[in-house]
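> This structure is in C-alpha cells; I'll ask about it shortly.
The values are calculated or read from the model by the stated rules, or taken from the named source; none is laboratory data. Note that the coordinates shown come from a computational prediction; the quantities given were computed from them, not determined experimentally. Because the Cβ atoms are built from the backbone with ideal geometry, glycine has one as well, and the counts that use them run over all protein chains shown.
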Amino acid sequence: MELSKRERQILIEIEAGLMRRDRVLAHRFDALEAMGSRPGPQRFACQVSLLEISIVLLATIVVVTLPVLLILSV
C-alpha cells in the first residue's frame, strides 16, 4: 500500500526532525539508506566477515567432536 503525498511529507518532516536532534539516529538512518540501495533481499542482511564464519565453524567442530572423543577415550 502506497502512502499518500501528505503522509510521505509528514514522514519526511518527522525523519528530518529526528535526524537534527539525534546524530546517532541520523547515522543509523544513513547506514540503512546505504544498505537499501543494494538490490534484492540482501539489502537488509547482516554482514558477516570470513573470520566470524571461521570462528563459528571451528567452535561448532570442537563442540561436536569433544563429546565423541570423550566417549571413545573411556
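> So, V63, is that one surrounded by 10 or more Cβ atoms within 10 Å (Cβ to Cβ) and modelled with pLDDT of 90 or more or not?
Judged against the criteria, V63 is not a match.
> What are the pairs, 6+ residues apart or on separate chains, where a residue within segment 46-74 that is within 30 Å of A34 (Cα to Cα) has its Cβ under 9 Å from a residue that is part of a loop (DSSP other than H, G, I, E, B)?
V56/V48
> Looking only at segment 33-43, which residues are in contact with a Lys or Arg (Cβ under 9 Å, 6 or more places away or on another chain) and either part of a helix (DSSP H, G or I) or at pLDDT 70 or above (or both)?
M35, G36
> In segment 14-31, how many residues are surrounded by fewer than 12 Cβ atoms within 10 Å (Cβ to Cβ) and either in contact with a Leu (Cβ under 8 Å, 6 or more places away or on another chain) or at pLDDT below 80 (or both)?
Number satisfying all stated conditions: 0.
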